[in-house]
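Let me give you the structure first, and then I'll get to my questions.
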Amino acid sequence: DNKRLFDVKGKLVLVDLILEDGKITNGCGGAIHASGAGSTTHLIRSIIRKCESGCGGAVYALLGAVLTLEDSTLESNKGRWGGSVFALSGAKIQIKGISSIKNNIATSEGGGIYLDNKATLEIIGEGTQLLIDGNTAAYGGGVSAESEAKIIVLSGASMHVTNNKATTRDSGTRFDAI
């Protein structure tokens, strides 16, 4: 039952699309696996839903890859780490416009987003909003960030972390300083 939708090592722009039912049983990134510096994925007015993998139910980004969500939604995805997104090793998630990460499940950490090893989440631009809502994980129901991960919310932008649940601890956001 392995059917990842995109394996990105270059540039991918998706506009006005719904991606669903991507699944990787023994791997990462149910819908999108983005790897390497120069790898960019830009979702514009798009939805990724009902995808599943071991890490990053919807998206797995690593080694400097960039994921941009612009007026897009990641919902109802499932992973062990990062119900919707797992970003690590210098990967960057950029938010533009109004985007949401909602109703995702991680059986371990980061129900909405899991950031690790110098990964960055940036909410940029006047009026830009990120809603992280209704996600569930054992730790960090909304967001889990560790190992020099960064969350940057620039002036005029906002991040709302609401109604998330951690079955063990840290229901909204979990930060581990190293």
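The values are calculated or read from the model by the stated rules, or taken from the named source; none is laboratory data. Since the model is a prediction, treat every value here as computed from it, not as a measurement. In this analysis, Cβ positions are derived from the backbone assuming ideal geometry, glycine residues included, and neighbour counts consider all displayed protein chains. All accessible areas refer to the heavy atoms of the entire protein, side chains included, with ligands and DNA or RNA removed. Shrake-Rupley method; radii C 1.70, N 1.55, O 1.52, S 1.80 Å.
Mind listing P(r) for the chain? All alpha-carbon pairs, 5 Å bins, whole percents.
2, 11, 19, 25, 24, 13, 4, 1, 0
Additional query: Keeping all protein chains in place, calculate the accessible area per residue for segment 67-177 (probe 1.4 angstrom), answer in Å².
Accessible surface, normalised per residue, equals 39 Å².
Hey, with R₀ at 35 Å, roughly what FRET efficiency would residue 44 and residue 118 work out to, going by the Cβ-Cβ distance, to 0.05?
Result of the calculation: an efficiency of 0.85.
First check a/c for segment 74-150, with a ≥ b ≥ c the square roots of the eigenvalues of its C-alpha gyration tensor; if it is under 1.5, answer rounded, and if not, answer prolate when a/b is larger than b/c or oblate otherwise.
Since a/c reaches 1.5 but b/c is at least a/b, the shape of segment 74-150 is classed as oblate.
By how many nm would the segment from residue 16 to residue 167 grow when fully extended, if each residue of separation counts as 0.36 nm and the alpha-carbon distance is taken off?
Difference between extended and current length: 50.9 nm.
Separate question: Check residue 4: other-chain or 5+ apart residues with amide H under 5 Å from its amide H, H built from backbone geometry?
23
What ³J(HN,Hα) values, in whole Hz, does the Karplus curve 6.51 cos²θ - 1.76 cosθ + 1.60 give for segment 85-96 when θ = phi - 60°, with x put for Gly and Pro?
9, 10, 10, 8, 6, x, 5, 10, 10, 10, 10, 10
Once amide H atoms are placed 1.01 Å from N in the peptide plane, what residues at a sequence separation of 5 or more from residue 40, or on another chain, have their amide H within under 5 Å of its amide H?
10, 11, 12, 66
What part of the accessible area of the chain, given as a whole %, is carbon or sulfur when the probe is 1.4 angstrom?
48
Just checking the chain: which Cys have no other cysteine's beta-carbon under 4.7 Å?
Cysteines of the chain left without a disulfide-compatible partner: 51.
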